Amino acid sequence: RAPRCSSSSTVALGTADSVVVSGAIVRNSLVAVVDLSAVKARVGADVDGTIGFDLFNSYIVDIDYRTHTVTMSNPDVAADHPRGVVVPISMDNRVPAATGALVTRRNGTLTGRFHIDIGSTGYVLKLSSRFAKAHDLAHDTMTVRGFFGAGVGGTTDGLALDFPRLSVGAFAIDHPSAAISL
């Protein structure tokens, strides 16, 4: 079943001969032309486009949220990437995914397969309604209903809550903010 969003979008697909972002060049890149007005309305800022898979697959990308910078390095030139924790991933149809462990209040530790979304709006973790229902996570702690996220597919509402801990590989986050899709 397809996810239900509070709005829908028409997507036109094509291929760009090249896409250049601050000197980083990606050739023959898949592009999608979509109406981002619902995203602009929800996030409260102009959004002219999103950077996707082809750029992240072609470069080592270091996103520093504290300094509001993105550094792209050519993997053929960059010898070692000294910062961070290495998390094993696999690819699900051009989407990076990792196995993680979610510590809950009522159901112990749950293992799941999580897609990695570096553009997530406001939440460390977004859970599908199927996973949440299977483990009764809407009742794990107090929840608040509201805006869940915005992206190419439109906007979505859900339940906001937090869990004691999320681990992905050797990386762990205490009290991650989370949302459950409705």
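The selection criterion, being small (Gly, Ala, Ser), in contact (Cβ under 8 Å) with a residue 12 or more places away in the chain and open to solvent by less than 70 Å² (accessible area, probe 1.4 Å), does not hold for SER90. Exactly one residue out of THR71, THR104, THR109 is under 23 Å from ALA179 (Cα atoms), free of Cβ contacts under 8 Å to residues at least 12 places away in the same chain and of a type outside the set (Lys, Arg): that is THR109. The listed residues are VAL70, VAL39, VAL85, and the only one of them that is in contact with a strand residue (DSSP E or B) (Cβ under 9 Å, 6 or more places away or on another chain) and part of a strand (DSSP E or B) turns out to be VAL70. Screening segment 5-20 for residues that are at pLDDT 80 or above and open to solvent by less than 40 Å² (accessible area, probe 1.4 Å) and picking the one that is farthest from LEU55 (Cα to Cα) gives GLY14.
Per-residue answers, yes or no, for (1) closer than 27 Å to ALA41 by Cα; (2) touching a Leu at 6+ places or on another chain (Cβ under 6 Å); (3) modelled with pLDDT of 90 or more:
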position	(1), (2), (3)
ASP64	yes, no, no
MET72	no, no, no
PRO75	no, no, no
HIS81	no, no, no
VAL87	no, no, no
ARG94	no, no, no
THR99	no, no, yes
ARG106	no, no, yes
THR121	yes, no, no
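The set of residues from segment 44-74 being more than 23 Å from VAL33 (Cβ to Cβ) and open to solvent by 100 Å² or more (accessible area, probe 1.4 Å) comprises TYR65, ARG66, HIS68. Considering only residues of segment 21-30 that are at pLDDT 85 or above and of a type in the set (A, V, I, L, M, F, W, C), which is surrounded by the most Cβ atoms within 10 Å (Cβ to Cβ)? Here the answer is VAL26.
The values are calculated or read from the model by the stated rules, or taken from the named source; none is laboratory data. Just so you know, these numbers come straight off a predicted model, no measurement behind them. All Cβ positions, even for glycine, are placed from backbone atoms using ideal geometry, and neighbour counts span all protein chains on display. Quick note on the areas: whole protein, heavy atoms, side chains included, nothing else; ligands and nucleic acids left out. Shrake-Rupley method; radii C 1.70, N 1.55, O 1.52, S 1.80 Å.
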